[in-house]
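Reading through the structure tokens given below for one structure.
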Amino acid sequence: MAMHKLNQAKEACLICGQENVEGIHICNQLICDSCQKRIVETDVTDWKYKFYMNKLAKLRIGQKGRVMETAVIHAGSGGEAGKS
């Protein structure tokens, strides 16, 4: 198993840009475990939430390597931000 990880090409995290093998892939793009955890734990009223949503808006949704469209995510829309 360790040898398999050594042979994997490193990818840059979509959020932080760090090269990381560990993480999740969404639309063939890596989000490292550290960023994933920070995104999940960030409150929608925190300024970092908008930062993460802007980064996630760069996700390219494609099919077989072709870019079909870009996902558009609006920070605060439909979430808890508008609730009091």
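The values are calculated or read from the model by the stated rules, or taken from the named source; none is laboratory data. All values reported here derive from a predicted model rather than from experimental measurement. Don't worry about glycine lacking a Cβ; one is built from the backbone with ideal geometry, like all the others, and counts go over all protein chains shown.
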For residues that are touching a residue at least 12 places away in the same chain (Cβ under 8 Å), more than 23 Å from N28 (Cβ to Cβ) and among the aromatic types (F, W, Y), tally how many sit in the stretch 38-56. 1
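For a quick check of your reading: which strands (runs of 3 or more DSSP E) sit entirely within the stretch 16-84 and have at least 1 residues that are under 11 Å from the mean Cα position of the chain (by Cα), surrounded by fewer than 13 Cβ atoms within 10 Å (Cβ to Cβ) and modelled with pLDDT of 90 or more?
23-26
Determine whether C27 is of a type outside the set (S, T, N, Q) and on the phi < 0 side of the Ramachandran plot.
Spelling it out, it is not the case that C27 is of a type outside the set (S, T, N, Q) and on the phi < 0 side of the Ramachandran plot.
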In the stretch 10-64, what residues are of a type in the set (A, V, I, L, M, F, W, C) and touching a Lys or Arg at 6+ places or on another chain (Cβ under 7 Å)? L14, I15, V21, C27
